[in-house]
């Protein structure tokens, strides 16, 4: 019985250490090249309940991208975006523009657009079509835990994590911008 427990614990430890290595590898892969935001140009965008145009030339030096892929429940996410309002306002105060990028399943696309229109969130939400964002960025990891990241002016990933869900990530983002000169 003890042998079985030791084997089981060893397997669990091995799997968890492999998971950490894969996670680190995914972050390195994510940081291996800039994020291509060209699929956002011409996409349907909303800000404050109004249709808006995504203009990369208007971006600040830092962007927080929160990517909601087709495997996620995009309409569910839209319904809970108010959880981000305080964090987005705090990041905006130091020059970080937040961009929510939705890449919903085709049959959910109209639902997402309708919800974004009705909710009138005060931050930019972009709805891209046909997997164009993920196709332009094949280095994106599949784990949704790695779908929130801070980009610098060259669209290189400099911090990975969701600042609305993790205060340490938010502090890291704020400190990174403050030490690198902000806006």
Practice task
Might you check whether a residue that is out of contact with any helix residue (DSSP H, G or I) (no Cβ under 7 Å at 6 or more places or on another chain), under 15 Å from residue 101 (Cα atoms) and either surrounded by fewer than 16 Cβ atoms within 10 Å (Cβ to Cβ) or touching a residue at least 12 places away in the same chain (Cβ under 8 Å) (or both) occurs anywhere in the stretch 155-165?
Solution key: yes
Fill in the blank from the handout: The one condition residue 72 fails out of (1) touching a strand residue (DSSP E or B) at 6+ places or on another chain (Cβ under 8 Å); (2) closer than 21 Å to residue 144 by Cα; (3) buried (at least 17 other Cβ atoms within 10 Å of the Cβ) is (1)
Practice task
Inspect the stretch 7-27 for any residue being crowded, with 16+ Cβ neighbours inside 10 Å, under 20 Å from the mean Cα position of the chain (by Cα) and modelled with pLDDT under 90 and give the result as yes or no.
Solution key: yes
Exercise for the section: Kindly indicate whether any position in the stretch 103-117 is free of Cβ contacts under 8 Å to residues at least 60 places away in the same chain, buried (at least 19 other Cβ atoms within 10 Å of the Cβ), in the same structural domain as residue 62 (by TED's automatic domain parsing) and under 12 Å from the mean Cα position of the chain (by Cα). Expected result: yes
Exercise for the section: Taking the options 135, 148, 143, name whichever one is under 23 Å from residue 48 (Cα atoms) and in the same structural domain as residue 81 (by TED's automatic domain parsing). Expected result: 148
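Among 62, 82, 67, which is the only one that is touching a helix residue (DSSP H, G or I) at 6+ places or on another chain (Cβ under 9 Å) and over 30 Å from residue 25 (Cα atoms)?
Step by step, each of 62, 82, 67 is checked, and only 82 is touching a helix residue (DSSP H, G or I) at 6+ places or on another chain (Cβ under 9 Å) and over 30 Å from residue 25 (Cα atoms).
The values are calculated or read from the model by the stated rules, or taken from the named source; none is laboratory data. Owing to the predicted nature of the structure, the values given are computational and were not obtained by experimental measurement. Cβ sites come from the backbone with ideal geometry, for glycine too, and all protein chains shown count toward neighbours.
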